[in-house]
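Novice: Dumping the structure here so I can ask a few things about it.
The values are calculated or read from the model by the stated rules, or taken from the named source; none is laboratory data. Note that this is a predicted model, so its numbers are computed, not measured. Glycine also receives a Cβ, built like all others from the backbone with ideal geometry; neighbour counts cover every protein chain displayed. What goes into the accessible areas is simple: the full protein's heavy atoms, side chains included, and nothing from ligands, DNA or RNA. Shrake-Rupley method; radii C 1.70, N 1.55, O 1.52, S 1.80 Å.
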Amino acid sequence: MVSEAHPGLSHEVGAAGPHTGGHGDGHAGALQHQFDDIAQQRESNSLGMWLFLATEVMMFGGLFFAYSLFRWKFDAAFHEASLHQNVALGTVNTFILLFSSLTMALAVHAAGSKKTGRLLAFLAITWLMGLGFLIVKAFEWGHDLHIGLIPGVNWSYYDDPHHLEELLSKNIGVHEVKMFWTIYFCMTGLHAIHMVVGLLVVGGTMIYAAKGAFLNGNDQPVEIVGLYWHLVDIIWIFLFPLLYLIAGFHPERFLGGGGH
Amino acid sequence: MTAHTTHGHDEAEHHLIPLGVYFRVFWALMAFLVLTLFAAYFNLGALNLPIALGIAAAKALIVVLYFMHVKFSSRLVMVFAGSGIVWLVILFVLTLSDYVSRPWLPVPGAGG
């Protein structure tokens, strides 16, 4: 099928036909008709994804702002509340995501090299890392639920007079520490939702990869998925010190899972 | 091969980034993670926060440049990649200036 607007060029998607744009490196089937050549297509796709990532930055940015404001206003309360965080698990999760970013980058590389086996392996590892992250978070939240630190669900920790006394002795208002927990669950909750979406998308990519979808030169979808995954990792990179390390790093409490 | 006159140099499809780069970035990220904990160990008062954020920014930067390929992408992609931060800064500066300036005038809500 030869389009009138581009005489001499064959734009049939999926066909490995002659491509007078000059790309003799196997990309012929991947070019979509609205683009002049594969480089323009790749750049356009990239720009579109980065625009979406910018909206994600703004979405989390609003929550980061709320955190900044209330940490400024309730400094002592945030310090105190963060003592209940499990820094060990937070560190494990940070490691998990950083490692998964590596395996995701390796998956993108494998897609570019047309190595389906390797692509599937790296996507699978990335997926398992994401699942591991969520399992750790579930464990953390389960603990928080148990001791009564979940806004709206089990908020009973600060009903205990001993805990209240502790706060009063440091001149901290209950509503101030509760603000930390509210912001903590909103931020890590939104982040976890993004992880779930990431698992769905990476899982879908694995299914396509298993069917040989990224072999005709169109490996960019894997790269796009990678961009999303790396962003979710970057958000956690900032969440970790802000939500877990306010009171610093105390090795003697590291394995104890924080205060109870 | 056609010259890419209008679209700028674009990566991975013409040449893949050497695998070694990814591993070096990963080890750098691990070093930064250890550094995060190390820096948090010491009580440096008001400096703890900017140091922690600085290290986080460094981690984010190498993820963006190398894992997300921005270093090997066209200027236009770099602009788009940076745009989120630009708008984030606007959000922070303008909204924070509201809160910071509230006590300045004797009007309702001046308590901040």
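Novice: When the C-alpha atoms of segment A:89-235 are aligned to their principal axes, what extent does each axis show, in angstrom, from largest down?
Specialist: 66, 22, 21
Novice: Let me ask another. Regarding segment A:112-197, what's the average projected area of the Cα-atom convex hull, expressed in nm²?
Specialist: Averaged projected area of segment A:112-197's Cα convex hull equals 7.5 nm².
Novice: Could you list the residues of segment A:128-149 with an amide nitrogen less than 16 Å from a label point located 7 Å from the Cα of A:Glu166 in the Cα-to-C-beta direction?
Specialist: Answer for segment A:128-149: A:143-149.
Novice: Hey, any idea what the orientation-averaged projected area of the convex hull of segment A:213-256's Cα atoms comes to, in nm²?
Specialist: 4.8 nm²
Novice: Separate question: Taking just the alpha-carbon atoms of segment A:85-135, what radius of gyration and Dmax come out, in angstrom?
Specialist: 12.5, 43
Novice: Just to make sure I understand: if all protein chains stay in place, what is the order of B:Ile90, A:Ile147, A:Ile193 by accessible area at 1.4 Å, largest first?
Specialist: A:Ile193, B:Ile90, A:Ile147
Novice: Can you give the accessible area per residue of segment A:63-169, in Å², using a 1.4 Å probe?
Specialist: 41 Å²
Novice: Which whole-number percent gives the relative contact order of segment A:37-182, counting Cα pairs below 8 Å spaced six or more residues apart?
Specialist: 26 percent
Novice: Looking at segment A:166-260, I'd like the Rg to Rh ratio, where Rg is from alpha-carbon atoms and Rh is Kirkwood's inverse mean 1/r.
Specialist: My calculation puts Rg/Rh at 1.20.
Novice: Work out the length of the dipole vector of chain A about its Cα centre, built from +1 on the beta-carbon of each Lys and Arg and -1 on the beta-carbon of each Asp and Glu, and round it to the nearest 20 debye.
Specialist: 380 debye
Novice: For segment A:172-189, what does the Karplus curve 6.51 cos²θ - 1.76 cosθ + 1.60, with θ = phi - 60°, yield as ³J(HN,Hα) per residue in whole Hz, taken in order and with x for Gly and Pro?
Specialist: Values, residue by residue: 10, x, 4, 5, 6, 5, 4, 5, 4, 5, 4, 5, 4, 6, 5, 6, 6, x Hz.
Novice: What is the ratio of the Cα radius of gyration of segment B:37-98 to 2.2 N^0.38 Å, with N the residue count, to two decimals?
Specialist: Against the empirical 2.2 N^0.38 Å value, I get 1.44 for segment B:37-98.
Novice: So, one more: Interface B/A, total buried accessible area with a 1.4 Å probe, nearest 100 Å²?
Specialist: 4800 Å²
Novice: Each residue of segment A:61-70 in order: what ³J(HN,Hα) in whole Hz does its phi give by Karplus 6.51 cos²θ - 1.76 cosθ + 1.60, θ = phi - 60°, with x for Gly and Pro?
Specialist: Whole-Hz 3J(HN,Hα) from phi for segment A:61-70: x, x, 5, 4, 5, 4, 4, 4, 4, 6.
Novice: Counting helices only, and only those DSSP H runs with n ≥ 4, report the 222 nm mean residue ellipticity of chain A as the sum of -39,500 (n - 2.57) divided by its residues, in deg cm²/dmol to the nearest 500.
Specialist: Calculated from helices alone, the mean residue ellipticity at 222 nm is -24000 deg cm²/dmol.
Novice: Rounded to the nearest angstrom and ordered from largest down, what semi-axes does the equivalent ellipsoid of the protein assembly as shown get from its C-alpha gyration tensor (root of 5λ)?
Specialist: 45, 23, 17
Novice: Please arrange A:Ser169, A:Ser44, A:Ser100 by accessible surface area, largest first, computed with a 1.4 Å probe and ligands excluded.
Specialist: From most exposed to least exposed: A:Ser169, A:Ser44, A:Ser100.
Novice: Farthest toward the dipole's positive end in the protein assembly as shown, which of A:Val222, A:His175, B:Ala31, given Cβ charges of +1 (Lys, Arg) and -1 (Asp, Glu) about the Cα centre?
Specialist: Farthest along the dipole direction, towards plus: B:Ala31.
Novice: Specify which residue in the list A:His191, A:Val201, A:Ile246 is farthest towards the positive end of the charge dipole of segment A:154-260, using unit charges on the beta carbon of Lys, Arg (+1) and Asp, Glu (-1), about the Cα centre.
Specialist: Of the options given, the answer is A:Val201.
Novice: Could you give each residue of segment A:103-120 its phi-based ³J(HN,Hα) in whole Hz, using Karplus coefficients 6.51, -1.76, 1.60 with θ = phi - 60°, and x for Gly or Pro?
Specialist: So the Karplus estimates, Gly and Pro as x, are 5, 5, 4, 5, 5, 4, 4, 5, 4, x, 8, 6, 9, 4, x, 5, 4, 4 Hz.
Novice: Enter the mean number of other protein chain beta carbons within 10 Å of the beta carbon of each residue in B:40-50, as an integer.
Specialist: Neighbouring Cβ atoms belonging to other protein chains average 3 per residue here.
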